[in-house]
Amino acid sequence: MKNVLDVKVSCFKNCSTPWNPKFICLLNWLRSDKYVNIVEEIRSINDKEQRDEKKKEIPAITPSGIFHYKSNNQIISHSGLIQFDLDWKDNQHLENFYDMKEYVKNISNV
């Protein structure tokens, strides 16, 4: 059986470059150690502004599919996947944020 992550997605030079994507296999991307050192370096930066600036230098992918241009209306084909991020800073209004995060991570399709 084919792995659900064995799909083509777009890879852009970085998050600020929405054009000229390469098409890559998501599963290969996730298994690659090509960016391990830079990711570990980014994770070690305590200052959020510095960390965010460093993140802008690395490639960005679109797990939802293949795109001509990084924009919702430029999709070529959908991967069947969706990417989402649950951050406390964006959800401080939720009294049960950590319970919700636990619940979501235990959903079989997540």
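The values are calculated or read from the model by the stated rules, or taken from the named source; none is laboratory data. Note that the structure is a prediction, hence the values are computed from the model and not measured. Cβ: placed from backbone, ideal geometry, glycine included. Neighbour counts: every protein chain shown. When the accessible area is computed, the model is the full protein with side chains, heavy atoms only, and any ligands, DNA or RNA have been set aside. Shrake-Rupley method; radii C 1.70, N 1.55, O 1.52, S 1.80 Å.
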>> In Å², and per residue, what accessible area does the chain have when probed at 1.4 Å with the other protein chains present?
In response: 79
>> Checking the cross-link filter: which lysines have an alpha carbon closer than 18 Å to that of K101, excluding same-chain neighbours under 8 positions apart?
In response: K89
> What is the Cα radius of gyration of the chain over 2.2 N^0.38 Å, N being its residue count?
Replying inline: 1.21
>> Using a 1.4 Å probe on the protein heavy atoms, what percent of the accessible area of segment 6-72 belongs to carbon and sulfur?
In response: 47
> Over the chain, what is the relative contact order in whole percent, taking alpha-carbon pairs under 8 Å and six or more residues apart?
Replying inline: 26
> For the chain, which span is the longest to avoid every loop-located (per DSSP) member of trypsin sites (Lys or Arg not before Pro) having at most 13 other Cβ atoms inside 10 Å?
Replying inline: 57-110
> What number comes out for the charge environment of F97, summing +1 per Lys or Arg and -1 per Asp or Glu over other residues with Cβ under 15 Å away?
Replying inline: -3
> How much accessible area does V36 have with a 1.4 Å probe, in Å² rounded to the nearest 10?
Replying inline: 60
> Along segment 27-36, what does the Karplus equation 6.51 cos²θ - 1.76 cosθ + 1.60 (θ = phi - 60°) give for ³J(HN,Hα), rounded to whole Hz, x for Gly and Pro?
Replying inline: 4, 5, 4, 5, 8, 6, 9, 4, 10, 4
> Taking the alpha-carbon centroid of each part, what is the distance from segment 3-37 to segment 52-73 in angstrom?
Replying inline: 9
>> Could you sort C15, C25 by their accessible area in this structure, using a 1.4 Å probe and putting the largest first?
In response: C15, C25
>> Ordering I75, I82, I58 by accessible area with a probe of 1.4 Å, largest first, what comes out?
In response: I82, I75, I58
> With springs only between Cα atoms under 10 Å, which of Q50, Q92, Q74 fluctuates most in a Gaussian network model of the chain?
Replying inline: Q92
> Once label points are set 7 Å from the Cα along Cα→Cβ at both K56 and R43, what is their separation, rounded to one decimal in nm?
Replying inline: 2.4
> Quick one: Karplus J couplings for segment 96-110, per residue in order, coefficients 6.51, -1.76, 1.60, θ = phi - 60°, nearest Hz, x for Gly and Pro?
Replying inline: 10, 3, 5, 5, 5, 4, 4, 4, 4, 5, 9, 6, 4, 8, 9
> Rounded to the nearest 10 Å², what accessible area does F84 show when all protein chains are kept and the probe is 1.4 Å?
Replying inline: 110
> Say a site is exposed when it is one of the GluC sites (Glu not before Pro), sits in a DSSP loop, and has at most 16 other Cβ atoms within 10 Å; what is then the longest site-free stretch of the chain?
Replying inline: 1-56
